[in-house]
1. With respect to I91, determine if the residue is open to solvent by 10 Å² or more (accessible area, probe 1.4 Å), at pLDDT below 90 and either in contact with a helix residue (DSSP H, G or I) (Cβ under 6 Å, 6 or more places away or on another chain) or at negative phi (or both).
2. Residue by residue through region 28-43, note down the ones that are modelled with pLDDT of 85 or more, among the β-branched types (V, I, T) and under 19 Å from I62 (Cβ atoms).
3. Determine which member of the set I74, I105, I62, I84 is touching a residue at least 12 places away in the same chain (Cβ under 8 Å), under 19 Å from H132 (Cα atoms), among the aliphatic types (A, V, I, L, M) and open to solvent by 70 Å² or more (accessible area, probe 1.4 Å).
4. Residue check: is E97 touching a residue at least 12 places away in the same chain (Cβ under 8 Å), over 13 Å from the mean Cα position of the chain (by Cα) and within 25 Å of N13 (Cα to Cα)?
5. Is one or more of the residues making up region 17-27 surrounded by 16 or more Cβ atoms within 10 Å (Cβ to Cβ) and more than 20 Å from L101 (Cα to Cα)?
6. Please indicate, with yes or no, whether at least one residue in region 101-117 is assigned to a helix (DSSP H, G or I), closer than 25 Å to L141 by Cβ and acidic (D, E).
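The values are calculated or read from the model by the stated rules, or taken from the named source; none is laboratory data. The structure presented is a predicted model; accordingly, all values stated were derived computationally and were not measured. Quick reminder, even Gly has a Cβ in these numbers, built from the backbone with ideal geometry, and neighbours come from all protein chains shown. All accessible areas refer to the heavy atoms of the entire protein, side chains included, with ligands and DNA or RNA removed. Shrake-Rupley method; radii C 1.70, N 1.55, O 1.52, S 1.80 Å.
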Amino acid sequence: NTFLPFIVEHCSNLLSLSLRWNNITETTLNHLITYPQFINLHTLDLTACQILTDTILIDIFIRTETEFHLKKLILQACTNLTWISLDTIAISIPNLEHLNLSRCIGLKNLTTHENHTCFHYWSKLQYIDFGHLLTINDNDLTIIFNN
């Protein structure tokens, strides 16, 4: 798919990118993140991006000395993600205000990561969606609210 990278490359003022419920490939996603506009996005919606794994999400956000401007990250129904990727990328997106993790069934056992949770880095967070996330328990919520 060369059309999507073409759009991102030529839309220098792009602030919001939605890739919801599509068949984007890992190659296309990796190609997209090479553009400087990607760093300036305020909203990134990857709802149900089934190719998205911890490794790919980390590759998107972990770059040398790069701080993203992202304020809204939607990962709804990204079933292959775990807390490891969120903990790893948190430092790169400190301005995050809105986080949607609903239906991310891979997010389990937050209590095992209690001392280095991603929520420690997201002091500006105003909205979290844990809808349909049956893997979150009372102890997990306590950790989140204590950070």
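1. yes
2. I39
3. When all the criteria are applied, what remains is I105.
4. Against the criterion (touching a residue at least 12 places away in the same chain (Cβ under 8 Å), over 13 Å from the mean Cα position of the chain (by Cα) and within 25 Å of N13 (Cα to Cα)), E97 does not qualify.
5. no
6. Checked against the condition, which is being assigned to a helix (DSSP H, G or I), closer than 25 Å to L141 by Cβ and acidic (D, E), region 101-117 yields at least one hit.
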